[in-house]
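What follows is a set of notes on a single structure, which appears directly below.
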């Protein structure tokens with residue numbers, strides 16, 4: 001296994017950071033590397049907002065569900081799907097700009113390929129990272145706080161910094177649950193893989209002082225009611241189309 | 001700049017592959033590394049389908065808009081946002097399963113963080129890759145051909161293999177267009193950055209025998225009418241919700 005595989009396999013989200021600000025030059029270099037990620041038809045439909053103001057970071061930490069690392073990490077970023085440059089380019093060339101679900105998906109995917117490259121770049125320097133899905137708890141408040149213009153769609157936050165400690169990697173689904181050869185397996189076959197994995201995760205949680213938990217139970221609890229039900233309305237109001 | 005940054009910066013999509021099948025063990029190892037990507041609440045909402053049948057690959061090459069590499073690369077994969085395991089886990093625990101735009105976005109983002117890790121893993125071994133957005137040209141035909149069950153949402157294809165040649169990296173937007181400090185720049189400031197970049201891309205295309213092209217013009221042409229307008233209907237019919 002080469003060094004890159006080893007780097008990827010060591011990943012675990014870091015939530016406790018040393019109080020050391022991440023240097024501008026490191027951020028610029030990591031962004032330049034991350035931008036080389038594939039992008040659909042070269043549209044590069046993303047922006048990365050760095051939030052520096054301590055008051056704004058404290059407010060975002062609250063909005064993200066009380067996640068202190070949003071205020072405390074060496075840097076906090078908001079990853080955005082960004083179609084604003086496309087709309088401006090269309091205006092410049094006097095063409096209509098017609099968004100639909102395809103263009104929104106392209107932007108979400110472009111942004112996420114970029115973000116993961118960024119994470120790999122930072123982790124290769126020994127930094128720790130943590131994606132913050134809690135950014136979607138209240139996107140109206142986030143957009144108001146950061147004065148985001150239309151066509152810029154915040155997706156998630158990203159904390160980066162020097163880790164206080166490096167958590168152990170958490171076991172993933174068996175490879176054969178994710179890598180599918182030929183036809184998608186029967187429900188019975190999937191259930192057998194999930195039962196195997198529930199055993200692994202149950203031991204994992206027990207060894208960390210959280211007995212009685214497993215993967216299926218966690219997933220079933222997570223999806224039992226709709227969460228963050230403002231997303232469609234928010235993205236539409238900001239210029240996205242989720243139909244057609 | 002460390003080796004990982006250099007690896008990321010060398011990326012360029014490969015469309016011509018040597019006729020050498022990608023070994024199963026390499027795929028398994030790359031998937032195991034890629035699975036360590038961050039995942040929202042550990043839900044791991046993705047699957048990777050490897051398509052081996054030569055007839056199916058030829059048919060997919062047509063469906064993707066006549067992209068020969070879909071049939072010819074060392075391996076062809078379909079990256080799927082996958083909520084099927086979640087629905088089965090909910091059934092197992094006798095809980096309702098309530099999808100909405102949040103759960104769909106989580107799955108698209110999870111899948112894309114995983115996919116980009118996979119790409120980095122393969123590229124670290126000297127392999128070439130190419131994402132295939134053309135998979136979304138006709139998702140009904142793709143789903144029928146591969147007999148995809150509900151709650152498994154194909155997003156894009158991925159070709160992997162030994163490159164015939166390694167294209168030069170293509171210039172990206174200026175870092176300051178993507179990395180935003182403080183407030184999102186004014187339209188005027190964005191237009192100035194795009195004008196600068198149009199100059200860079202115009203020279204790039206000209207040096208490759210394609211004069212008269214630039215970035216704004218390409219983007220304006222791309223978004224001037226709705227493409228792939230069946231996506232919302234397709235994903236909804238397969239079990240996604242794009243509201244709430």
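Read-outs: derived from the displayed coordinates by stated rules, not from any lab. Being a predicted model, the structure only gives us computed values, none of them experimental. Using ideal geometry, Cβ is built from the backbone for each residue, glycine included, and neighbour counts are taken over all protein chains shown.
Summary of computed values
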quantity	calculated
Gaussian network model of chain A, Cα within-10 Å springs - most flexible of A:89, A:107, A:177	A:177
Mean-position separation - Cα centroids, segment A:149-200 and segment B:145-220, in angstrom	28 Å
Position residue B:189, label points 7 Å along Cα→Cβ, spacing to each other copy in nm (shortest first, one decimal)	5.4
Rounded to 10°, Cα long-axis angle of helix A:24-34 versus longest principal axis of chain A	80 degrees
Å³ per residue enclosed by the Cα convex hull of segment A:55-95	95 Å³
Antiparallel DSSP beta bridges within the protein assembly as shown, as percent of all bridges there, nearest 5	85 percent
Shortest-first distances to equivalent copies, position residue A:167, nm, label 7 Å out along Cβ	3.9
Chain A: most fluctuating residue of A:59, A:183, A:172 per GNM, C-alpha cutoff 10 Å	A:183
Inter-label distance for residue B:181 and residue A:204, nm, one decimal - labels placed 7 Å from Cα along Cα-to-Cβ	3.9 nm
Residue among A:125, A:176, A:102 with the largest mean-square fluctuation in a Gaussian network model of chain A, springs linking Cα atoms under 10 Å	A:176
Tail fraction, Cα-Cα pairs, segment A:1-104, threshold 24 Å, whole percent	46 percent
Chain B - Rg (one decimal) and Dmax (whole number), Cα, Å	19.8, 62
Debye equation applied to the C-alpha atoms of segment B:69-136, log10 I(q)/I(0) at 0.22 Å⁻¹	-0.99
Radius of gyration and Dmax over the Cα atoms of the protein assembly as shown, both given in Å	21.3, 65
Chain A: angle of helix A:101-124 to the longest principal axis, Cα-based, in degrees nearest 10	60 degrees
Folded to 0 to 90 degrees: helix A:187-207 orientation relative to chain A principal axis, Cα	80 degrees
Nm distances between copies for residue B:57, ranked from closest, using label points 7 Å along Cα→Cβ	4.9
Spatial separation of Cα centroids for segment B:9-65 and segment A:31-108, in angstrom	26 Å
